[in-house]
Amino acid sequence: MGSTAGTTGGGACNVAVLLDFSTCPGGFTTGKAHPLSSTNSWACGDPILGPVGTGMWGTNLFGNYNTDESSYLESPSISLADCQGYAVSVRVRHWYDIEPGYDGGNIQISTDGGNSWQVVTPTGHPYDELSLNASYSPPAGEPGFSGFDAVWRDSFVDLTPYVGSADVRMRFVFGSDFSVEYDGWFIDEIEVVVQ
């Protein structure tokens, strides 16, 4: 999920990559997931609140996340067109301090250029809530990470169902309600694994 993305038509599943965000690589985009939500707070850099560390994406590097937020961090497109016969997955290392049950975030996949998105269910560290109560959808009404988890966790997303697609995108959608904000959601590493 970066400039080292895979090939199409070459016969090799060449998409394995580890991004640690220490240099905030290009290709990632942020924005509002719902047009009526407050401003998007995603940024890459060194947080002054939340987890200890440098070089990560977070919902706000300098304070709590916004009220009434519905925002996303979207990866560049990768091609899985040449990955038939391979198991492809993504490992996401993340940390969060989010108002439990109300605010939260989830992981979504698109195979049509970002026109539509499907919530995926991670393994490893799973979602905490079956239905978030943020102000806007997405992620209101969807499952997601929520609450306080004081350590870095790894969640895994199986991309094998999308093998054959030439345009696979992943996004991290975050939402909040009208009150009670915390440090937020921070993503330190994204690793695409091919087996």
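The values are calculated or read from the model by the stated rules, or taken from the named source; none is laboratory data. Quick caveat: nothing in here was measured; it's all calculated off a predicted structure. Glycine gets a Cβ as well: all are built from the backbone with ideal geometry, and neighbour counts include every protein chain shown.
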Answer yes if at least one residue in the range 76-94 is touching an Asp or Glu at 6+ places or on another chain (Cβ under 7 Å), charged (D, E, K, R) and more than 26 Å from A166 (Cα to Cα), and no otherwise.
no
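Look through the range 52-62, keep the residues that are more than 27 Å from I78 (Cβ to Cβ) and surrounded by fewer than 15 Cβ atoms within 10 Å (Cβ to Cβ), and return whichever of them is modelled with the lowest pLDDT. Full working, then the answer.
If we filter the range 52-62 for residues that are more than 27 Å from I78 (Cβ to Cβ), which is where we start, we get 52, 60, 62.
Now drop any that are not surrounded by fewer than 15 Cβ atoms within 10 Å (Cβ to Cβ), which leaves 52, 62.
Numbers: V52: 89, F62: 94.
Across the range 52-62, the extreme among qualifying residues is V52.
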Take the residues in the range 69-102 that are crowded, with 23+ Cβ neighbours inside 10 Å and part of a loop (DSSP other than H, G, I, E, B), then tell me which one is nearest to the chain's Cα centre (by Cα).
E69
Cβ pairs under 6 Å, 6+ apart or interchain, first in the range 13-32 and under 14 Å from S79 (Cβ atoms) and touching a residue at least 12 places away in the same chain (Cβ under 8 Å), second among the hydrophobic types (A, V, I, L, M, F, W, C) and outside any strand (DSSP E or B), ordered by first then second residue, are C13/C83
Residue by residue through the range 15-51, note down the ones that are of a type in the set (A, V, I, L, M) and crowded, with 18+ Cβ neighbours inside 10 Å.
V15, V17, L19, A33
Residue pairs meeting the criteria (Cβ under 6 Å; at least 6 apart or on separate chains; first of a type in the set (S, T, N, Q), in the range 61-85; second outside any loop (DSSP other than H, G, I, E, B) and modelled with pLDDT of 95 or more)
S70/G175; S71/K32; S71/F174; S75/R169; S75/M170; S77/R169
Could you list, in sequence order, all residues of the range 152-187 that are within 23 Å of C24 (Cβ to Cβ) and either among the β-branched types (V, I, T) or at pLDDT below 95 (or both)?
V157, V168, V173, I187
Filter the range 145-184 for residues that are farther than 24 Å from T111 by Cβ and aromatic (F, W, Y); which is surrounded by the most Cβ atoms within 10 Å (Cβ to Cβ)?
Y182
